Amino acid sequence: MHYCRAFVHPAVYEGFGMTPIEAAASGCKELIVSNAACLPEIYGNSAHYINPDVPNVKIDDILREKTGGVDLLLSGEKYSWKKAAESLYEIMKSEL
(Lines give C-alpha, C1' and ligand atoms only; values in the text may rest on other atoms or scores of the structure.)
Protein backbone atom coordinates (compact mmCIF):
# COMPACT_ATOMS: atom_id res chain seq x y z
CA MET A 1 0.00 0.00 0.00
CA HIS A 2 2.90 2.35 0.66
CA TYR A 3 3.68 2.61 -3.05
CA CYS A 4 0.16 2.54 -4.47
CA ARG A 5 -1.13 5.66 -6.16
CA ALA A 6 -4.54 5.50 -4.45
CA PHE A 7 -6.86 3.07 -2.71
CA VAL A 8 -10.29 3.03 -4.34
CA HIS A 9 -13.30 1.92 -2.28
CA PRO A 10 -16.50 2.32 -4.37
CA ALA A 11 -18.87 0.70 -1.86
CA VAL A 12 -22.59 1.30 -2.23
CA TYR A 13 -23.50 -0.05 1.22
CA GLU A 14 -21.04 0.29 4.05
CA GLY A 15 -21.21 -0.01 7.81
CA PHE A 16 -18.01 1.85 8.67
CA GLY A 17 -15.39 1.42 5.95
CA MET A 18 -12.44 -0.19 7.69
CA THR A 19 -10.59 -1.19 4.52
CA PRO A 20 -9.65 2.40 3.54
CA ILE A 21 -8.43 3.02 7.10
CA GLU A 22 -6.36 -0.18 6.89
CA ALA A 23 -4.96 0.97 3.53
CA ALA A 24 -3.99 4.33 5.06
CA ALA A 25 -2.43 2.62 8.07
CA SER A 26 -0.42 0.47 5.65
CA GLY A 27 1.06 3.53 3.96
CA CYS A 28 -1.44 4.54 1.28
CA LYS A 29 -1.41 8.34 0.95
CA GLU A 30 -4.56 8.84 -1.18
CA LEU A 31 -8.02 7.41 -0.51
CA ILE A 32 -10.87 7.49 -3.01
CA VAL A 33 -14.12 6.37 -1.41
CA SER A 34 -17.76 6.30 -2.35
CA ASN A 35 -19.96 9.26 -1.52
CA ALA A 36 -22.64 6.78 -0.40
CA ALA A 37 -23.65 5.47 3.01
CA CYS A 38 -21.62 6.67 6.00
CA LEU A 39 -18.31 7.17 4.21
CA PRO A 40 -18.41 10.99 3.92
CA GLU A 41 -19.15 11.21 7.64
CA ILE A 42 -16.28 8.86 8.50
CA TYR A 43 -13.62 10.22 6.13
CA GLY A 44 -14.50 13.92 6.03
CA ASN A 45 -11.85 15.86 4.14
CA SER A 46 -9.24 13.09 4.36
CA ALA A 47 -10.47 11.36 1.19
CA HIS A 48 -11.58 11.98 -2.37
CA TYR A 49 -15.17 11.02 -3.23
CA ILE A 50 -16.78 9.27 -6.18
CA ASN A 51 -20.31 8.31 -7.05
CA PRO A 52 -20.41 4.48 -7.03
CA ASP A 53 -23.09 4.51 -9.73
CA VAL A 54 -20.84 6.27 -12.24
CA PRO A 55 -18.27 3.82 -13.65
CA ASN A 56 -16.34 6.25 -15.87
CA VAL A 57 -14.17 8.21 -13.46
CA LYS A 58 -10.82 9.76 -14.23
CA ILE A 59 -8.47 8.98 -11.37
CA ASP A 60 -5.97 11.64 -12.51
CA ASP A 61 -8.64 14.35 -12.29
CA ILE A 62 -9.81 13.15 -8.88
CA LEU A 63 -6.29 13.08 -7.46
CA ARG A 64 -5.61 16.66 -8.59
CA GLU A 65 -8.14 17.82 -6.00
CA LYS A 66 -6.61 18.53 -2.59
CA THR A 67 -7.74 16.78 0.58
CA GLY A 68 -6.72 17.08 4.19
CA GLY A 69 -4.73 13.86 3.78
CA VAL A 70 -4.84 10.59 5.65
CA ASP A 71 -2.63 11.84 8.48
CA LEU A 72 -5.57 13.41 10.31
CA LEU A 73 -7.52 10.18 9.90
CA LEU A 74 -4.66 8.17 11.39
CA SER A 75 -3.73 10.62 14.14
CA GLY A 76 -6.30 9.17 16.53
CA GLU A 77 -7.88 12.60 16.89
CA LYS A 78 -11.15 11.41 15.39
CA TYR A 79 -11.03 7.61 15.89
CA SER A 80 -9.00 5.45 18.24
CA TRP A 81 -9.51 2.33 20.31
CA LYS A 82 -9.15 4.46 23.44
CA LYS A 83 -11.95 6.81 22.35
CA ALA A 84 -14.16 3.86 21.44
CA ALA A 85 -13.55 2.25 24.84
CA GLU A 86 -14.23 5.52 26.68
CA SER A 87 -17.49 6.01 24.78
CA LEU A 88 -18.60 2.46 25.51
CA TYR A 89 -17.68 2.91 29.18
CA GLU A 90 -19.75 6.10 29.43
CA ILE A 91 -22.75 4.37 27.86
CA MET A 92 -22.47 1.40 30.18
CA LYS A 93 -21.95 3.63 33.23
CA SER A 94 -25.09 5.64 32.43
CA GLU A 95 -27.15 2.43 32.26
CA LEU A 96 -26.12 1.18 35.73
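The values are calculated or read from the model by the stated rules, or taken from the named source; none is laboratory data. No experiment lies behind these values; they were computed from the predicted model shown. Backbone-built Cβ (ideal geometry, glycine too); neighbour counts: all protein chains shown. When the accessible area is computed, the model is the full protein with side chains, heavy atoms only, and any ligands, DNA or RNA have been set aside. Shrake-Rupley method; radii C 1.70, N 1.55, O 1.52, S 1.80 Å.
Tabulated data for the structure shown
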{"read-out": "Largest to smallest principal axis extent of the C-alpha atoms in the chain, angstrom", "value": "53, 27, 19"}
{"read-out": "Accessible area in square angstrom per residue, the chain, 1.4 angstrom probe", "value": "69 Å²"}
{"read-out": "Relative contact order of the chain, defined on C-alpha pairs under 8 angstrom at six or more residues apart (%)", "value": "24 percent"}
{"read-out": "Amide N proximity, region 67-96 versus SER26 label position 7 Å along Cα-to-Cβ, cut-off under 19 Å", "value": "70-71, 73-75"}
{"read-out": "Within the chain: Cβ-based charge dipole about Cα centre, in debye rounded to nearest 20 (Lys, Arg +1; Asp, Glu -1)", "value": "220 debye"}
{"read-out": "Most fluctuating residue given options ILE50, ILE42, ILE59, as computed from a GNM of the chain linking Cα atoms under 10 Å", "value": "ILE59"}
{"read-out": "Sequence ranges 28-35, 80-87, 64-71, ranked by mean other-Cβ count within 10 angstrom, highest first", "value": "28-35, 64-71, 80-87"}
{"read-out": "Inter-site label distance for LYS78 and ASP53 at 7 Å from Cα along Cβ, in nm", "value": "2.5 nm"}
{"read-out": "Accessible area in the full protein assembly, largest first, 1.4 Å probe, for SER46, SER75", "value": "SER75, SER46"}
{"read-out": "Accessible area (Å², 1.4 Å probe, nearest 10) - PHE7", "value": "40 Å²"}
{"read-out": "Accessible surface of region 26-90 [probe 1.4 Å, protein heavy atoms]: carbon and sulfur percent", "value": "53 percent"}
{"read-out": "Förster radius 30 Å - calculated FRET efficiency between MET1 and GLU95 (Cβ-Cβ, nearest 0.05)", "value": "0.15"}
{"read-out": "Sum of side-chain charges, GLY69 neighbourhood, beta-carbon under 10 Å (Lys, Arg +1; Asp, Glu -1)", "value": "0"}
